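I have placed the structure first, in the form of structure tokens, so that the comments after it can refer back to it.
The values are calculated or read from the model by the stated rules, or taken from the named source; none is laboratory data. As the structure is a computational prediction, the values presented were derived from the model and not from experiment. Here the Cβ is made from the backbone with ideal geometry for all residues, glycine too, and neighbour counts use every protein chain on show. When the accessible area is computed, the model is the full protein with side chains, heavy atoms only, and any ligands, DNA or RNA have been set aside. Shrake-Rupley method; radii C 1.70, N 1.55, O 1.52, S 1.80 Å.
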Amino acid sequence: MQRLSETGQAAPRRILISYASTDGQTRKICRFAAEQLIAQGRSVEMLPVGDAAEIALAAFDAAILAGSVHLGRLQPELSDFCAEHAGTLNRMPTLLLVVSLAAAGSDPAERAELDRIADRFTSAAGWRPDRVEHIAGAFRFSAYGPLRRLAMRWIAWHKGQRVARGQDREYTDWAGLAALLKGWPG
Ligand SMILES: Cc1cc2nc3c(=O)[nH]c(=O)nc-3n(C[C@H](O)[C@H](O)[C@H](O)COP(=O)(O)O)c2cc1C
């Protein structure tokens, strides 16, 4: 029997979540998203975008694509996947999750830059997601090598964040993400 959503519409049953995650926070966010959707009775397949190249995308009813911002752009492998599958993605409900540290703040210039990063990404891929959401990520000093650690300490200082040496810090709003997914894709 087909599940019905609260609106009485047929709820998408099979959802793909595919992601690129350099330091692990986007993967954690996607795992949380998968758990939320499964709890709603959806069937979810979650995999890194590098493993999704050959996937039969048309077999899914909806898709979430997620990546993180590093030096002003999302991962190229995510871009390649979205460009390759743009035609199919444009025919189903889709959500792009853009994970960054700028999303943790409220600086209008940084928020505008995040919108530009997402616009450049989707235009280049020829993909028109129904929804784009910016999600606050994390400092993961435990995952960085010495150079990245230095770069991130500079970013933290620049943002006025106090981050103790070697300390990880998570800004992701889990309750907000759960609320977002509750009605998705409607
Ligand atoms: C080298 C480096 C560069 C980054 N550049 C940006 C940036 O340009 N803008 C931003 O908002 N966040 C930036 N971040 C923060 C990441 O987007 C954030 O740490 C995110 O949680 C990473 O997700 P991931 O663990 O899935 O890779 C950068 C992080 C690193 C390590």
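For Ala125, what is the net charge nearby, where nearby means another residue's Cβ is under 10 Å from its Cβ and Lys, Arg count +1, Asp, Glu -1?
Residues close to Ala125 contribute a combined charge of 0.
Under the classification rounded if a/c is under 1.5, otherwise prolate if a/b is larger than b/c and oblate if not, where does the stretch 18-65 fall, given a ≥ b ≥ c as square roots of the Cα gyration tensor eigenvalues?
Oblate, since a/c reaches 1.5 and b/c is not below a/b.
How large is the dipole of the stretch 124-186 about the Cα centre if only Lys and Arg carry +1 and Asp and Glu carry -1, each at its Cβ, rounded to the nearest 20 debye?
Charge dipole, the stretch 124-186, about its Cα centre: 340 debye, nearest 20.
Quick check for me: using +1 on Lys/Arg Cβ and -1 on Asp/Glu Cβ, what's the dipole size of the chain about its Cα centre, in debye to the nearest 20?
Its charge dipole is roughly 480 debye.
Lys and Arg at +1, Asp and Glu at -1: add these up for the other residues within a Cβ distance under 15 Å of Ala58 and post the number.
Once all neighbours under 15 Å are counted, the net charge is -1.
Mind grabbing the accessible area of Arg111 for me, 1.4 Å probe, Å², rounded to tens?
About 90 Å², ignoring ligands and nucleic acids.
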